[in-house]
Amino acid sequence: MTTSHDSSETRTGEPDPGVADPNVVVGPDDESVPDVGFNISADGVVTDVTDTAEQSRQLAHRIARELMSIGPEGWHRVDAAFSLTVTGSLARVVFYDDQQRQAPISPSPEVLSLVVEHRKVAAQLGDGPWWRLLLSITATGELTVDHDYGDEPFPDDQLFAPQDYLADLGAYPRAVLPTWLGAYVRHDNRQSRTPKQAAVAARADRESGVLQTLSEDDFPDFPVLWARWSAIAAAFLAVGSDWGPRALPSFGWFEGSRRSGSTLYALPGGRAVLSGGVWDAPELSAAYNGKAPLPHLYAGAPEWVANSVLNARAAGGLLSFCYWWERGRWYCGESPAAVDLAAAVPGIWTSTTVADVIAGLVADHPTPEQRAAIAEFVAAAERSDITRAQLVETFGPAAYLDEAHYQLTLAGTIRTGPDPLPESEQRFRRRQSTSWTS
């Protein structure tokens, strides 16, 4: 989804269609408003329009004029979002004053009619019409128009039910759907794996000879992977960042900045499950656009690989990998190799990788002394033997050490056993004990 300014309109991946004058503005119908470059007859019908892109631009200008005409007194800017399919429509129009106070207003029937017409015209410009039309207009007439074809997921309050998009695709077939939208309308719960389904599938795999695939060089051994995951999590917390992985007892999660992410579950008996999704994974795009079958991520998986320990993306059909750890080895079904999953997993590949990630958090240009402290911190994490003193040495006394310490405590990578009590508290405890026994 791209944005254009100064009254031009942009479709993702294409040049601006029908831009006659980039300095044109729109405004109320008075003599001070510049000519917007199109003709409207007495009954409000656009005349002398032969180019589809130009017609689209003119309709956007008319929508802008209508919106401006219904604004409350003192409005400064209006943002409008129109979501349409052949079976549904949603609209959100909010006016702002110069203090950013909001005034939501329902669009008039005239506006909605023009929006419907705009979508019909836009359908002639390429691979299907837009699904959302976004306009931002200032009181001085500056107009921004954005056609949203679903490159990014729609906001929840502007998202229709899957059947609405399927009906729209019936009316306006498209060569390719964005992966997230293809999954939304076509996943049909095929990645869900309830305990019953997992047990049935595991038995069927054994009977038919479907085997899990041994993963030899994709990920570090689980205990090491868990230690590195928690070390990175503690580092992000120590520098006060809201990003980065996190860890709870037996559970870790990570969400990257580009919509990829994963979860790591530790199970009794030395077992674990690592699963997640890479945004726009090519194998999912191919599956949901009818070019290949959906990957069998659970091929040969044991019955304990089920929804409770799978990344939440499985519920929406966006899981693109699943690995499980048992008997000291990683296994998988039809999952990509780890080299293709870097965007969805923290930098846990080697001790050096972890140290580099942490060094980048600690300083723009870490000193040799800082790098040495970080390397020892990572090594201690892998031994589950981090001390409070190492936290201070690695991140400095001004860091968020309590948060980092607690994270490591939850993950089990801090040195075990209570810290020694101060002498004053020891004396108090002894006196208290004596009073109870006298």
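The values are calculated or read from the model by the stated rules, or taken from the named source; none is laboratory data. Just so we're clear, the structure is a prediction, and the values are computed from it rather than from any experiment. As a convention, Cβ positions derive from the backbone with ideal geometry for all residues, glycine included, and neighbour counts pool all protein chains shown. SASA here: full protein model, heavy atoms, side chains in, ligands and nucleic acids out. Shrake-Rupley method; radii C 1.70, N 1.55, O 1.52, S 1.80 Å.
Order ARG57, ARG327, ARG259, ARG77 by their accessible area, 1.4 angstrom probe, all chains in place, largest first. Mind showing how you got there, number by number?
On the way: ARG57 10, ARG327 170, ARG259 110, ARG77 55 Å².
If we order ARG57, ARG327, ARG259, ARG77 from most to least accessible, we get ARG327, ARG259, ARG77, ARG57.
How big is the dipole moment of the range 213-318 about its Cα centre under a simple scheme where the beta carbon of each Lys and Arg is +1, that of each Asp and Glu is -1, and everything else is neutral? Debye, nearest 20, please. All intermediate terms of the calculation are to be shown ahead of the outcome.
Numbers: 7 positive and 9 negative charges, 57 e Å.
Magnitude of the dipole: close to 280 debye.
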